[in-house]
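Colleague: Structure provided below as structure tokens; questions to follow.
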Amino acid sequence: MKSILVIGMGRFGRHLSRKLTELGNEVMVVDEREEAISELVGDVTSAQIGDCTREDVLRSLGVTNFDVCFVCVGSDFQASLEITALLKDLGARRVISKASRDIHAKFLLRNGADEVVYPERDTAERIAVRASANNVFDYIELTPEFSIYEIPPMEAWLGKTIAQCNVRTKYHISILATKQNGVTSLLPPADHLFVPSEHLMVIGRHEDIQRVLKRI
């Protein structure tokens, strides 16, 4: 469990705060709009109204007590930049700031952000990958070269084990998990038998996974 501060209750900030709480973290949310805070009062550990571009407001939150501080101010880049810089000046351990453009990300990183996220761009890329292929249920890009795909097993694998199919050596991918009837099983053993109803979470280079997809 971690102690997390989320500043800015736009759509991304609200979803992030609820999910962080669901995962068992202690979450404080802050926004200068009372109506934005009121929606989350029952869903998070604590909620406060305040303008976080003001140093005295941030100082009163005790930012050094949080493991992670998220800056989710999306529409006002100047405010996002100021809050990011103030958090680091006040000793925040880790600051993750939201950006919508590469130029914004560069300035945020230069002014103290430890990490920058692009929720809209990342979501768009995942949807594009899923929509472009018939057999991709989900997709997460890890690096420009490696990704995790959720795919069905190849027809040639059905009724055989991972070892029999020699998946890693022959196809240059690794199976991280299997999913069936809503249940996910991590790191399946070599004697796992492929069945038509399951999904596979596989990791590998883009080109290797694409070659597998062409055979599904």
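Colleague: Going by what's in this entry, would residue 106 be described as surrounded by 12 or more Cβ atoms within 10 Å (Cβ to Cβ), assigned by TED's automatic domain parsing to the domain that holds residue 61 and in contact (Cβ under 8 Å) with a residue 40 or more places away in the chain?
Modeller: Numbers: surrounded by 12 or more Cβ atoms within 10 Å (Cβ to Cβ): yes; assigned by TED's automatic domain parsing to the domain that holds residue 61: yes; in contact (Cβ under 8 Å) with a residue 40 or more places away in the chain: no.
So residue 106 fails the test.
Colleague: Can you tell me which residues in region 66-87 are more than 19 Å from residue 27 (Cα to Cα) and not acidic (Asp, Glu)? First the steps, then the outcome.
Modeller: Going residue by residue through region 66-87, those that are more than 19 Å from residue 27 (Cα to Cα) are 74-82, 85-86.
Residues satisfying the conditions are 74, 75, 77, 78, 79, 80, 81, 85, 86.
Colleague: Out of (1) in contact (Cβ under 8 Å) with a residue 40 or more places away in the chain; (2) surrounded by 19 or more Cβ atoms within 10 Å (Cβ to Cβ), the odd one out for residue 2 is which?
Modeller: (2)
Colleague: Taking region 144-182 as the search range and keeping residues that are among the polar types (S, T, N, Q) and outside any loop (DSSP other than H, G, I, E, B), which one is surrounded by the most Cβ atoms within 10 Å (Cβ to Cβ)?
Modeller: From region 144-182, those among the polar types (S, T, N, Q) are 147, 161, 164, 166, 169, 174, 178, 180-181; that's our starting set.
Now drop any that are not outside any loop (DSSP other than H, G, I, E, B), which leaves 147, 161, 164, 169, 174, 178, 180.
Details: 147: 17, 161: 16, 164: 13, 169: 7, 174: 14, 178: 20, 180: 11.
Among those that are among the polar types (S, T, N, Q) and outside any loop (DSSP other than H, G, I, E, B), it is 178.
Colleague: Looking at the structure I just gave you, is residue 62 on the phi > 0 side of the Ramachandran plot, surrounded by fewer than 20 Cβ atoms within 10 Å (Cβ to Cβ), of a type in the set (Gly, Ala, Ser) and assigned by TED's automatic domain parsing to the domain that holds residue 7? Outline the logic, then answer.
Modeller: Numbers: on the phi > 0 side of the Ramachandran plot: yes; surrounded by fewer than 20 Cβ atoms within 10 Å (Cβ to Cβ): yes; of a type in the set (Gly, Ala, Ser): yes; assigned by TED's automatic domain parsing to the domain that holds residue 7: yes.
Considered against the rule, which asks whether it is on the phi > 0 side of the Ramachandran plot, surrounded by fewer than 20 Cβ atoms within 10 Å (Cβ to Cβ), of a type in the set (Gly, Ala, Ser) and assigned by TED's automatic domain parsing to the domain that holds residue 7, residue 62 comes out as yes.
Colleague: A follow-up question, please. Could you list all residues from region 19-44 that are crowded, with 18+ Cβ neighbours inside 10 Å and of a type in the set (Val, Ile, Thr)?
Modeller: Of everything in region 19-44, those that are crowded, with 18+ Cβ neighbours inside 10 Å and of a type in the set (Val, Ile, Thr) turn out to be 21, 27, 29, 30, 37, 44.
Colleague: Give the residues of region 85-105 that are more than 17 Å from the chain's Cα centre (by Cα), among the small types (Gly, Ala, Ser) and part of a loop (DSSP other than H, G, I, E, B), sorted by residue number.
Modeller: 91, 92
Colleague: Which pairs turn up if I take residues in region 111-130 that are among the aromatic types (Phe, Trp, Tyr) and look for partners that are part of a helix (DSSP H, G or I) and crowded, with 16+ Cβ neighbours inside 10 Å with beta carbon separation below 9 Å, at least 6 apart in sequence or on another chain?
Modeller: The qualifying pairs are 118/105.
The values are calculated or read from the model by the stated rules, or taken from the named source; none is laboratory data. None of these values were measured; they are calculated from a predicted model. Reconstructed Cβ throughout: ideal geometry from the backbone, glycine too, with neighbour counts over all protein chains shown.
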